[in-house]
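These notes are about the structure you will find just below.
The values are calculated or read from the model by the stated rules, or taken from the named source; none is laboratory data. Remember, it's a predicted structure, so these values are computed and weren't measured experimentally. Cβ placement follows ideal geometry from the backbone for every residue including glycine, while neighbour counts extend to all protein chains displayed. The protein model used for the area step is the full one, side chains on, heavy atoms only, and it has no ligands, DNA or RNA in it. Shrake-Rupley method; radii C 1.70, N 1.55, O 1.52, S 1.80 Å.
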Amino acid sequence: MSAEFPYVRPRRLRSTPAMRRLVAETRLHPAELILPAFVREGISEPKPITSMPGVVQHTRDTLRRAAVEAAEAGLGGIMLFGVPEVQDAIGSEGTNPDGILQQAIRDVVAEVGDQLVVMSDLCLDEYTDHGHCGVLAADGSVDNDATLERYAEMAVVQADAGVHLVGPSGMMDGQIGVVRRALDEAGHQDTGILAYTAKYASAFFGPFREAVGSSLKGDRKSYQQDPANARESLRELEQDIAEGADLVMVKPAMAYLDILRQVADASPVPVSAYQVSGEYAMVEAAAANGWVDRERIILETLTSIRRAGADQILTYWAVEAARMLG
Ligand code: PBG
């Protein structure tokens, strides 16, 4: 008998729901999902984000409730982003111990810190009036090493507030090492780092700009990676690992599944992927028109990201997906 048709029939393993379930190689579980959440200073009602239907800028109070909901849904973690009232050139609110993000970290850790891993974005773009992820040099370029000093300070105030993992997302060279040293020197040896390792200068971040009230005019091409390149992701990985990253991330997810696979194959630490605002918005827009089956697309996209090698997925659908899985 030769291993060919008509003896070989792959369809046998697709024949019934029970058979498909038995042989599925990729499974989704709520514990590997992370909910990104926005908290805005100075509002008394949650504010919808137009370009991300279903996602809001939270008040401190509604954020707390969202965190409880996330814990009850069995999620693995929550990633917090702060939207301050005041922005300035150096992003002062990012290092204010009582800034909105630090307050939110304290709230969420107190509320669900035993059940969820609480994470925070460590970047300046939410806090600067020019919208860049770092501070600017006299010529208007983003000053790598001056920005590192700001990140070191941010890491410490976030850790002081009790966060479990900081998420440096600004793509400055050397950011992981500087953050690790600053945390250790401040006695925060146990605060971990989820490094945004391979982060691309992507149009898929479009709706996020509304979500955090960013005033960015230009682009981030001088610090985020060129979508045309794959190799440098492995170089970024090597560097972040050497500098002490506890987890690494690839971002965006769906247009970068090849990068995710390469990073997952090479990484000695867990690999997360971020299904970003534009990925969310596209599906919501198509679903609102009745052009795609929303729930199937959500699970299919998450499955594809897992299959490509992600151990964790940040997704704005985290709570809803967890409920679908349950
Ligand atoms: C930077 C940051 C961004 C996102 C997460 N962290 C924006 C950017 O780099 O331009 C994007 C997330 C999303 O689009 O969902 N603080």
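Inspect region 273-285 for any residue being within 21 Å of PHE81 (Cβ to Cβ), loosely packed, with under 14 Cβ neighbours inside 10 Å and not β-branched (Val, Ile, Thr) and give the result as yes or no. Checked against the condition, which is being within 21 Å of PHE81 (Cβ to Cβ), loosely packed, with under 14 Cβ neighbours inside 10 Å and not β-branched (Val, Ile, Thr), region 273-285 yields no hits at all.
Inside region 158-173, can you point out the residues that are within 16 Å of the ligand (Cβ to nearest atom), hydrophobic (A, V, I, L, M, F, W, C) and under 16 Å from GLY99 (Cβ atoms)? Listed by number, the residues that qualify are VAL163, VAL166. Applying the condition of being part of a strand (DSSP E or B) and within 11 Å of the ligand (Cβ to nearest atom) to region 195-204 and asking which residue is nearest to MET249 (Cα to Cα) yields TYR196.
Of the numbered criteria (1) aliphatic (A, V, I, L, M); (2) over 21 Å from VAL118 (Cα atoms); (3) more than 16 Å from the ligand (Cβ to nearest atom); (4) not in a helix (DSSP H, G or I), the one ALA287 fails is (4).
Looking only at residues of region 174-194 that are within 16 Å of the ligand (Cβ to nearest atom) and of a type outside the set (Val, Ile, Thr), we find that the one that is farthest from GLN225 (Cα to Cα) is LEU194. Taken over region 286-311, the residue count meeting the criterion of being within 14 Å of PRO30 (Cβ to Cβ) and either aliphatic (A, V, I, L, M) or open to solvent by less than 40 Å² (accessible area, probe 1.4 Å) (or both) is 3. Look at region 297-326: where a residue is assigned to a loop (DSSP other than H, G, I, E, B) and a partner is among the polar types (S, T, N, Q), sitting 6+ places away or on another chain with Cβ atoms under 7 Å, you get ALA310/SER272; ASP311/SER272; THR315/GLN275.
Among what's in region 205-233 and is open to solvent by 60 Å² or more (accessible area, probe 1.4 Å) and assigned to a helix (DSSP H, G or I), pick the residue that is farthest from the ligand (Cβ to nearest atom).
Taking region 205-233 and keeping what is open to solvent by 60 Å² or more (accessible area, probe 1.4 Å), we get 209-210, 217, 219, 221-222, 226-229, 231-232.
Imposing the further condition that a residue be assigned to a helix (DSSP H, G or I) reduces the set to 209-210, 231-232.
Details: ARG209: 7, GLU210: 10, ARG231: 21, GLU232: 17 Å.
In this case the residue turns out to be ARG231.
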